[in-house]
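Chemist: First the structure, then my questions, so here it is.
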Amino acid sequence: MSLRFLASGTGRVAIGAVILALIGVLGWWVVTGWHPSRKTYVFQGIDVSDEQGAIRWPTIAAGGADFAYVRATMGADGRDSRFATNWADVHAAGMRRGALHIWSFCKPAADQANNFNTTVPRVDDALPAAVLIQVSPGCTVQPDRAALIAEIDRFASMVEAHTGTPILLKIAAPVETQYELSAAIQRPLWSMRNFIPPNYAARPWRMWQASDIRHIDGVNGPVRWNVVAP
């Protein structure tokens with residue numbers, strides 16, 4: 001009976017569906033486990049927020065992450081609830097650490113910089129601070145280009161006075177297309193595109209977010225995987 005079923009049209013369709021499902025599972029496993037070649041990109045790491053929950057940082061370090069960027073602040077008054085814990089635990093795990101601010105188009109630069117500077121301690125071994133500039137939900141303000149550049153410059157100057165190092169600009173492609181920030185603000189760039197090195201900025205990137213769906217031991221759910229330019 002089973003052999004007749006397998007030989008039937010229904011059986012062939014069922015087998016084909018199973019094969020496609022297995023291929024899909026295998027493909028997803030490959031995609032979520034992918035990272036750029038270590039031969040080309042020696043230094044690789046993650047950036048996280050409280051959205052990942054508790055993180056087992058010794059496991060992350062053992063799995064090959066050299067550094068971690070930890071979300072610290074959002075806008076003028078938002079603070080990541082796990083920043084202090086992650087900041088301390090990354091260091092304890094023997095990894096380099098950096099702090100990330102989420103830019104708000106709706107808040108003054110000075111208020112955002114003060115939020116970051118009062119949240120993130122200055123430590124000599126920290127990686128350069130970073131600011132993610134992307135369209136944020138709930139904020140529909142679209143400043144003109146000159147005003148936005150002036151605000152980001154002000155934020156950068158205030159944060160750099162606190163940290164002692166130039167900040168990284170993590171600019172989303174739609175924002176770069178609209179404002180061409182990378183041509184106007186001379187800071188190291190952190191570009192984003194899954195799997196394929198990005199080329200949307202006016203200057204070469206210093207860091208590349210190569211995947212935002214990678215799964216690794218030590219974290220529940222996907223993480224953003226980044227590499228430093230060779």
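Chemist: So, with +1 on the Cβ of K and R and -1 on the Cβ of D and E, and no other charges, what is the size of the charge dipole of region 123-230 about its Cα centre, to the nearest 20 debye?
Modeler: Dipole size: approximately 260 debye.
Chemist: OK, next. How many angstrom lie between the C-alpha centres of region 130-164 and region 190-206?
Modeler: 19 Å
Chemist: Cα atoms only, region 156-230: Rg and Dmax in Å?
Modeler: So, for region 156-230, Rg and Dmax equal 13.8, 39 Å respectively.
Chemist: Here is a further query. Per residue, how large is the accessible surface of the chain? Use a 1.4 angstrom probe and give square angstrom. List each step's numbers first, then the result.
Modeler: Numbers: 11610 Å² over 230 residues.
In whole numbers, the chain has 50 Å² accessible per residue.
Chemist: So if each residue of separation counts as 0.36 nm, and I subtract the Cα-Cα distance between Arg38 and Arg56, what length gain in nm does that give?
Modeler: So the extension gain works out to 4.2 nm.
Chemist: Separate question: Whole-Hz ³J(HN,Hα) for each residue in region 132-138, computed from phi via Karplus 6.51 cos²θ - 1.76 cosθ + 1.60 with θ = phi - 60°, x for glycine and proline: what do you get?
Modeler: Result, ordered by residue: 8, 10, 8, 5, 10, x, x Hz.
Chemist: I've got another one for you. Grab the beta carbon distance between Arg193 and Asp153, set R0 = 30 Å, and tell me the FRET efficiency rounded to 0.05.
Modeler: 0.70
Chemist: Which value, in debye to the nearest 20, gives the size of the charge dipole of the chain about its Cα centre, when Lys and Arg are +1 and Asp and Glu are -1 at the Cβ?
Modeler: Approximately 760 debye in magnitude.
Chemist: Another question, if that's okay. In whole Hz and in residue order, list the ³J(HN,Hα) couplings for region 214-221 that follow from phi through the Karplus curve 6.51 cos²θ - 1.76 cosθ + 1.60, θ = phi - 60°; x for Gly and Pro.
Modeler: Result, ordered by residue: 6, 10, 9, 5, x, 9, 8, x Hz.
Chemist: So what J values fall out for region 167-179 if you push phi through Karplus, 6.51 cos²θ - 1.76 cosθ + 1.60 with θ = phi - 60°, rounded to Hz, Gly and Pro as x?
Modeler: 7, 9, 9, 9, 9, 5, 4, x, 5, 4, 4, 6, 10
Chemist: In nanometres, what is the gap between the two model label sites at Ala146 and His215, each 7 Å from Cα along Cα-to-Cβ?
Modeler: 5.1 nm
Chemist: Note down the accessible area of Glu180, probe 1.4 Å, to the nearest 10 Å².
Modeler: The value for Glu180 is about 100 Å².
Chemist: What three numbers, in Å, describe the spread of the alpha carbons of region 37-160 along their principal axes, ordered from the longest?
Modeler: Result for region 37-160: principal-axis Cα extents of 45, 32, 29 Å.
Chemist: Modelling each spin label as a point 7 Å along the Cα-to-Cβ direction, I'd like the Asp111/Asp125 distance in nm, to one decimal.
Modeler: 3.7 nm
Chemist: With viscosity set to 1.306 mPa s at 10 °C, what whole-number translational diffusion coefficient in µm²/s follows for the chain from Stokes-Einstein and a Kirkwood radius over Cα pairs?
Modeler: 82 µm²/s
Chemist: To the nearest 10 degrees, how steep is helix 109-119 against the longest Cα principal axis of the chain, on a 0 to 90 scale?
Modeler: 80 degrees
Chemist: Could you tell me, in Å, what Rg and Dmax come out for the Cα atoms of region 25-108?
Modeler: Both quantities, over Cα of region 25-108: 14.9, 47 Å.
Chemist: So, how do all the Cα-to-Cα distances of region 92-168 break down into 5 Å bins, in percent, from 0 on up?
Modeler: Taking every Cα pair in region 92-168, the percentages come to 3, 15, 27, 23, 15, 9, 5, 2, 1.
Chemist: Take the Cα radius of gyration of region 65-113 and divide it by 2.2 N^0.38 Å, with N its residue count; two decimals is plenty.
Modeler: 1.27
Chemist: Taking H placed 1.01 Å from N in the peptide plane, check which residues at least 5 places from Met74 or on another chain put their amide H under 5 Å from its amide H.
Modeler: Long-range HN contacts for Met74: Arg79, Asp80, Ile102.
Chemist: List the chymotrypsin sites (Phe, Trp or Tyr not before Pro) within region 154-215 that DSSP assigns to loop and that have no more than 14 neighbouring Cβ atoms inside 10 Å.
Modeler: Here the chymotrypsin sites (Phe, Trp or Tyr not before Pro) that fit, given the DSSP loop and packing criteria, are Phe195.
Chemist: Okay, next question. Compute, for Val228, the solvent-accessible surface of its heavy atoms (probe 1.4 Å) with the complete set of protein chains present, and express it in square angstrom to the nearest 10.
Modeler: Roll a 1.4 Å probe over it and Val228 shows about 30 Å².
The values are calculated or read from the model by the stated rules, or taken from the named source; none is laboratory data. No experiment lies behind these values; they were computed from the predicted model shown. When we count neighbours, we look across all protein chains shown, and the Cβ atoms used for this are built from the backbone with ideal geometry, even at glycine. What goes into the accessible areas is simple: the full protein's heavy atoms, side chains included, and nothing from ligands, DNA or RNA. Shrake-Rupley method; radii C 1.70, N 1.55, O 1.52, S 1.80 Å.
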